[in-house]
Amino acid sequence: MRVLYLLNVSNSSQLSADSGFTFADMLAPALTDAGAEVTMASPVPAGDARVHFAPTTSPSTKYRARFDPGMDALVTLIRDRRPEVVVANQIEAAPAIRAALLEAGVDAQIAGYCHYLPFSFTDTGTLELDPAMNDRGLGRSVLLAFTAGLAACDRVLVHSSTAAAWTTAAAARTGVDLGDKLHIVPAPRDVRLVRDPADITPPEGRATGIYNHRLYKHYGTARFSQLARRLVADAPVRLTVMDLFGTRSPERIRLDPSPERHLEELATTDGVTIASDRGDRIGYRNLLSGAHFGIAPFRPGCPWSMSVIDCQAMGLPVIGPRTGWLAEHIDNELLFDTDEQAVQIAQRLATDAEFYLVHAKRAHASTADLTPASVAARYLEAIK
């Protein structure tokens, strides 16, 4: 099977902060191992030389990635590679990909992978637009472009049951019937970030928590900052907050200055340490090894989080708000609705060794089926 993997890299200068690239860099070699011939069309190549590389230009903004697919380049690429399957990691580009296939005279399936949902649903079934995609009211247009992309796909892949339910509901509201083309294929865990729980030592009365998520406003960072102050004040806990972006370009700051503001606030909070892995996965592993538990993001309706999986694969229990995929995936004893409940859970993790070790093992076990080989098998089954 010839697979053309179209990858939008939003942070080519900060690849460690780009979950889509990390996903592709692990998945593409595993697909190759399973017998597929993979070409990754991306601004940067995969780390495995067996994966063919077709260089592309990274979109300058998140909106260009959705509304400017570059038809001329698509047609040229498709004519050159003659794929049997085109993977669209930007769902909104799927109609343009379909048109490019027609123009190029190539008969290929389009498999759309929903790495990111520009919407969520509340517990009462209300659809909410993602504020990150709603600058100057663009959110409704992004939603319609997303569902138009779903209609153009032959296969639609999502990370989780939560994402499947939301994607199906959003499609139905715009008259798109996904039928039997929707498949759940979770992301692979990073093989460099796996630790045997038997090697984990529980904290001895004081624990270090790590928050390893982007500090955008729409990730609920203000809500996390509020909890951080409570945790360091009322529990035997110190926190490490990762600076995933470093120095961002003036253009990105102008579009959304919230990471810089939140980072400055957290840096002045007693009991909170700001850390960076400087884009090095070994450095990242060392930071995770130095922590005792992770904290999930407060992003409304979170459909999936690679950073949560990173912690769990390292045997770190993750505590999180009872919402979206987090409520589906994280052990119920580690979910909270209030800051007070979060403090109580953190306190128990820090002081109850048996409770801690049970949840360290459960965290690791929750990622056991996410090896690249297992995920690649599910991926190929879904797109065939």
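Note on segment 120-158: among residues that are more than 29 Å from Asp107 (Cα to Cα), in contact with a strand residue (DSSP E or B) (Cβ under 9 Å, 6 or more places away or on another chain) and without any contact (Cβ under 8 Å) to a residue 40 or more places away in the chain, the one that is most open to solvent (accessible area, probe 1.4 Å) is Arg140.
If you go through segment 208-226 and pick out every residue that is surrounded by fewer than 23 Cβ atoms within 10 Å (Cβ to Cβ) and among the aliphatic types (A, V, I, L, M), you end up with 1.
For Val38, indicate whether it is farther than 27 Å from Ala132 by Cα, aliphatic (A, V, I, L, M) and under 23 Å from the mean Cα position of the chain (by Cα). Walk me through it before giving the result.
Working: farther than 27 Å from Ala132 by Cα: yes; aliphatic (A, V, I, L, M): yes; under 23 Å from the mean Cα position of the chain (by Cα): yes.
Spelling it out, Val38 is indeed farther than 27 Å from Ala132 by Cα, aliphatic (A, V, I, L, M) and under 23 Å from the mean Cα position of the chain (by Cα).
Residues that are touching a His at 6+ places or on another chain (Cβ under 8 Å) and under 21 Å from Pro202 (Cα atoms): does segment 350-357 have at least one? Taking every residue of segment 350-357 in turn, at least one turns out to be touching a His at 6+ places or on another chain (Cβ under 8 Å) and under 21 Å from Pro202 (Cα atoms). Exactly one of these conditions fails for Ala172: (1) assigned to a loop (DSSP other than H, G, I, E, B); (2) surrounded by fewer than 20 Cβ atoms within 10 Å (Cβ to Cβ). Give me its number. Of everything listed in (1) assigned to a loop (DSSP other than H, G, I, E, B); (2) surrounded by fewer than 20 Cβ atoms within 10 Å (Cβ to Cβ), Ala172 misses just condition (1).
Taking every residue in segment 79-91 that is crowded, with 17+ Cβ neighbours inside 10 Å and pairing it with any residue that is β-branched (Val, Ile, Thr) and part of a helix (DSSP H, G or I), at least 6 positions away or on another chain, the pairs with Cβ-Cβ distances below 6 Å are Val85/Ile383; Val86/Ile97; Ala88/Ile97.
Looking at the structure I just gave you, is Thr371 surrounded by fewer than 21 Cβ atoms within 10 Å (Cβ to Cβ) and closer than 26 Å to Cys114 by Cβ?
Working: surrounded by fewer than 21 Cβ atoms within 10 Å (Cβ to Cβ): yes; closer than 26 Å to Cys114 by Cβ: yes.
Answer is yes for this residue.
Checking each residue in segment 364-380 for being among the aromatic types (Phe, Trp, Tyr) and free of Cβ contacts under 8 Å to residues at least 24 places away in the same chain picks out no residue at all. Residues in segment 107-119 that are over 23 Å from the mean Cα position of the chain (by Cα), touching a residue at least 24 places away in the same chain (Cβ under 8 Å) and open to solvent by 20 Å² or more (accessible area, probe 1.4 Å): Gln109 only. Look at (1) among the hydroxyl-bearing types (Ser, Thr, Tyr); (2) farther than 26 Å from Phe121 by Cα; (3) open to solvent by 20 Å² or more (accessible area, probe 1.4 Å); (4) touching an Asp or Glu at 6+ places or on another chain (Cβ under 9 Å) and you find that Tyr284 fails only one, number (3). Going through segment 255-272 one residue at a time, which ones are open to solvent by less than 20 Å² (accessible area, probe 1.4 Å) and small (Gly, Ala, Ser)? Ser258, the sole residue that qualifies. Scanning segment 353-363 for residues that are touching a residue at least 40 places away in the same chain (Cβ under 8 Å) and closer than 13 Å to His292 by Cα yields Ala353, Tyr356, Leu357, His359, Ala360, Lys361, Ala363. Of all residues assigned to segment 15-26, none qualifies as being in a loop (DSSP other than H, G, I, E, B) and over 18 Å from the mean Cα position of the chain (by Cα). Tallying residues that are at pLDDT below 95 and either polar (S, T, N, Q) or out of contact with any helix residue (DSSP H, G or I) (no Cβ under 8 Å at 6 or more places or on another chain) (or both) within segment 226-247 yields 2. The residues of segment 295-327 that are out of contact with any Asp or Glu (no Cβ under 9 Å at 6 or more places or on another chain) and surrounded by fewer than 20 Cβ atoms within 10 Å (Cβ to Cβ) amount to a single one, Ala327. Among the candidates Asp177, Asp196, the residue that is acidic (Asp, Glu) and free of Cβ contacts under 8 Å to residues at least 40 places away in the same chain is uniquely Asp177. For segment 328-353, a residue qualifies if it is open to solvent by 40 Å² or more (accessible area, probe 1.4 Å) and closer than 18 Å to Met314 by Cα, and the qualifying residues are His329, Asp331, Ala353. Applying the condition of being in contact (Cβ under 8 Å) with a residue 24 or more places away in the chain and of a type in the set (Gly, Ala, Ser) to segment 48-69 and asking which residue is surrounded by the fewest Cβ atoms within 10 Å (Cβ to Cβ) yields Ser60.
Screening Asp369 against (1) acidic (Asp, Glu); (2) over 30 Å from Ala34 (Cβ atoms); (3) in a loop (DSSP other than H, G, I, E, B) leaves a single unmet condition, (2).
The values are calculated or read from the model by the stated rules, or taken from the named source; none is laboratory data. Small disclaimer: the values here were computed from a predicted structure and weren't measured. Glycine gets a Cβ as well: all are built from the backbone with ideal geometry, and neighbour counts include every protein chain shown. With ligands, DNA and RNA removed, areas are computed over all heavy atoms of the protein, side chains included. Shrake-Rupley method; radii C 1.70, N 1.55, O 1.52, S 1.80 Å.
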